[in-house]
1. Which residues, counting only those in the stretch 13-38, are in a loop (DSSP other than H, G, I, E, B) and touching a helix residue (DSSP H, G or I) at 6+ places or on another chain (Cβ under 6 Å)?
2. In the stretch 45-88, which residues are in contact with an Asp or Glu (Cβ under 6 Å, 6 or more places away or on another chain), over 16 Å from LYS113 (Cα atoms) and either in a loop (DSSP other than H, G, I, E, B) or in contact (Cβ under 8 Å) with a residue 24 or more places away in the chain (or both)?
3. Select from the stretch 80-118 the residues that are more than 23 Å from MET42 (Cβ to Cβ) and either buried (at least 17 other Cβ atoms within 10 Å of the Cβ) or of a type in the set (Val, Ile, Thr) (or both) and list them in ascending order.
4. Output the residues belonging to the stretch 41-79 that are of a type in the set (A, V, I, L, M, F, W, C), under 23 Å from ASP29 (Cβ atoms) and surrounded by 15 or more Cβ atoms within 10 Å (Cβ to Cβ).
5. Any chance you could count how many residues in the stretch 13-34 are surrounded by 17 or more Cβ atoms within 10 Å (Cβ to Cβ) and either among the charged types (D, E, K, R) or in contact (Cβ under 8 Å) with a residue 24 or more places away in the chain (or both)?
6. Which ones in the stretch 14-29 are more than 19 Å from TYR99 (Cα to Cα) and touching a Ser or Thr at 6+ places or on another chain (Cβ under 9 Å)?
7. Residues ILE114, ILE91: which one is β-branched (Val, Ile, Thr), closer than 28 Å to MET1 by Cβ and in contact (Cβ under 8 Å) with a residue 24 or more places away in the chain?
8. Taking the stretch 1-12, which residues are surrounded by 15 or more Cβ atoms within 10 Å (Cβ to Cβ) and either in contact (Cβ under 8 Å) with a residue 12 or more places away in the chain or touching a helix residue (DSSP H, G or I) at 6+ places or on another chain (Cβ under 8 Å) (or both)?
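Every number here is computed from the coordinates shown, using simple stated rules; none is lab data. Model, not experiment: these values are computed from the prediction. Neighbour counts run over all protein chains shown; Cβ positions are idealised from the backbone, glycine included.
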Amino acid sequence: MKTASELIRIYLENMQTDMPASLDVFAEDGVIEFPYLSSIGMPVSYNGRKKIEELLVNLKSTFPGFKFQNIIIYNGATPEEAFAEYTVDEINVVLGRRYQQHYAARIVSKDGKIIILA
């Protein structure tokens with residue numbers, strides 16, 4: 001069974017090239033919550049794999065070159081918890097402006113799947 005650190009690495013590294021692999025690391029009832037998505041007019045919470053898939057599809061259409069960069073992953077106190085830092089520097093083709101973000105995230109997994117990415 002994969003640890004939270006392994007799962008977040010799979011998600012981050014495959015976002016651009018293999019969206020099904022990025023999506024597959026989430027539990028059916030997994031959640032992504034990022035308050036700063038509101039800065040680009042997007043909801044801040046995505047509950048369930050279907051909503052997470054909608055987010056990933058939207059990101060790829062809004063940011064055709066979307067790729068996480070400068071990835072650093074930290075193990076948590078248990079294999080089911082991890083923390084990650086990563087950046088994005090892309091052009092939002094819908095708004096026509098640059099999107100630069102330094103993310104810090106907490107990842108919680110259960111039964112080898114991400115249940116919380118926030």
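1. MET15, VAL25
2. PHE63, GLY65, PHE66
3. GLU80, GLU81, ALA82, SER109, LYS113
4. Hits for the stretch 41-79 are ILE52, LEU55, LEU56, LEU59.
5. 10
6. Those that are more than 19 Å from TYR99 (Cα to Cα) and touching a Ser or Thr at 6+ places or on another chain (Cβ under 9 Å): ASN14, VAL25, ALA27.
7. ILE114
8. LYS2, THR3, ALA4, SER5, LEU7, ILE8, ARG9, ILE10, TYR11, LEU12
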